[in-house]
Amino acid sequence: MEQITLGSGCFWCTEAIFQRLKGVESAVSGYTGGKTKDPFYKEICTGTTGHAEVVQVTFDPSILSLEELLEVFWKTHDPTTLNRQGNDVGTQYRSAVFYHSEEQKETAERIKKALDESGAWGDPIVTEITKVDVFYPAEDYHQEYYNENGSQPYCQFVVAPKVDKFKQVFGDKLKD
């Protein structure tokens, strides 16, 4: 198994996508990239801790390659908006790859460069690529949030459309 930590806006959306991906063993919502030790959600929301909302993904590279995983990452959020995803604004919502190995770093940088050069997005990709430091799992009520709270308005209007689009684009990569 391999781990990589990804930030693509609200971790409820990111978790809901990656936990449905074939080859992913777990997707844990949490925080990394900041300066406060043992941060909690209300602190993160202020934008003063420097942490990003992230999902730590544990995956089997014999089933899902890092390249495939990063393709899903880049295609399921807008990597050209600095510190923003939709209506979620602040450094905690930044696009980021927190790598766990030099191989992950090189792969992420190579893919980001290729996507940028392809003009896939009209604007430059601003995704941060940084070595993971300390990962803090988010509070229990954030784990499996979409699965357990799918009828909540935020889930209905924000998370569900992202999950539906993901299913349409990556239907061949869904868990059975």
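Under the criterion of Cα pairs below 8 Å and six or more residues apart, the relative contact order for region 2-173 equals 31 percent.
Modelled label positions at Q156 and E25, each set 7 Å beyond Cα in the direction of Cβ, lie 3.8 nm from each other. What the phi angles of region 92-101 give under the Karplus curve with 6.51, -1.76 and 1.60, with θ = phi - 60°, is a coupling list of 5, 9, 5, 7, 7, 10, 9, 7, 10, 8 Hz, glycine and proline written as x.
Quick one: dipole size for region 59-140, taken about the Cα centre, charges +1 on Lys/Arg Cβ and -1 on Asp/Glu Cβ, in debye to the nearest 20.
About 240 debye.
Shown for region 2-173: lysine pairs separated by 8 or more places, or found on different chains, whose C-alpha atoms are under 19 Å apart, numbering 20.
Projected onto their three principal axes, the Cα atoms of the chain cover extents of 37, 34, 34 Å, largest first.
Where a number appears in this text, it was derived from the coordinates with a stated rule and is not lab data. These numbers were taken from a predicted model, which means no experiment stands behind them. In this analysis, Cβ positions are derived from the backbone assuming ideal geometry, glycine residues included, and neighbour counts consider all displayed protein chains.
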